[in-house]
Amino acid sequence: MATTNSNITTTATEEPPSAATAVVQSGPQIPKDGLPLMHSARTPPVLPWPDIGHLAKWSVSSYKFGFGAECLRDGDPDTFWHSDGPQPHFITVEFPRKVAIQKISIFLSWPQDDSYTPSTLAIRAGTGPSDLQDVRVATLEKPDGWITFDVSSEPDEDGNSFKPVHAYVLQVIVVQNHMSGKDTHIRGLRVLGPQEEDATDGDPFPWKSQDFKMYERLR
């Protein structure tokens, strides 16, 4: 079963290797610009990082009819992806070429979803579904609203923020739900690229949108 709305495909995909044994590791001290951002508003927050999710194909590990991957990006806080299968549950975002991924922004609501609310997320990235590596683990305590955080745990050269992850595939795995719930609800998810530089470096045709960057080297 699949939907054909834009680049979002609601299909059941194969279980990621070793996803059930994702290890929660403690990362380095969080840089001052790398702290998670919390937004209590139900609508997606206005952020300086560009949303690049529309460039990718989206799929989920399982879903209940009418509650598939399309609910993650429809901008409606009253809809949600509802998993309907064995754990672990996961979302896979596949880009047609390697992209720089800085952060994800996810909308969760403990007051509405209770034990369906994720409490631990593992972020994986790689060149394909078979070689994904853990890049970040996030522990959440009764979240309610949009939470934005870096996908990498490697500080940049200045130590003020985290480096972006360069990958073809990003995967968000629900390692655990609150109260050991079995299925999960996620009401929104955005994949964000690095902030675009203001300088054009003397380029007379500074077309630097994410869509242009996706295809600027194609021949």
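The values are calculated or read from the model by the stated rules, or taken from the named source; none is laboratory data. Keep in mind that what you see is a predicted model, and the values were worked out from it rather than measured. Positions of Cβ are generated from backbone atoms using ideal geometry, with glycine treated the same way; all protein chains shown enter the neighbour counts. Surface accessibility is based on the protein's heavy atoms, side chains included, excluding ligands, DNA and RNA. Shrake-Rupley method; radii C 1.70, N 1.55, O 1.52, S 1.80 Å.
Ordering Thr117, Thr127, Thr79 by accessible area with a probe of 1.4 Å, largest first, what comes out? Don't jump to the answer; show the numbers that get you there.
Details: Thr117 0, Thr127 85, Thr79 35 Å².
So, going from the largest accessible area down, we get Thr127, Thr79, Thr117.
Against the criterion of solvent-accessible heavy-atom surface with a 1.4 angstrom probe, His39, His166, His89 sort, most first, into His166, His39, His89. Other residues with beta-carbon under 12 Å from the beta-carbon of Gly181 carry, at +1 per Lys or Arg and -1 per Asp or Glu, a net charge of -2.
Of the listed residues Asp150, Asp78, the order by accessible area with a 1.4 Å probe, largest first, is Asp78, Asp150.
The solvent-accessible area of Arg136, taken with every protein chain present and a 1.4 Å probe, is close to 40 Å².
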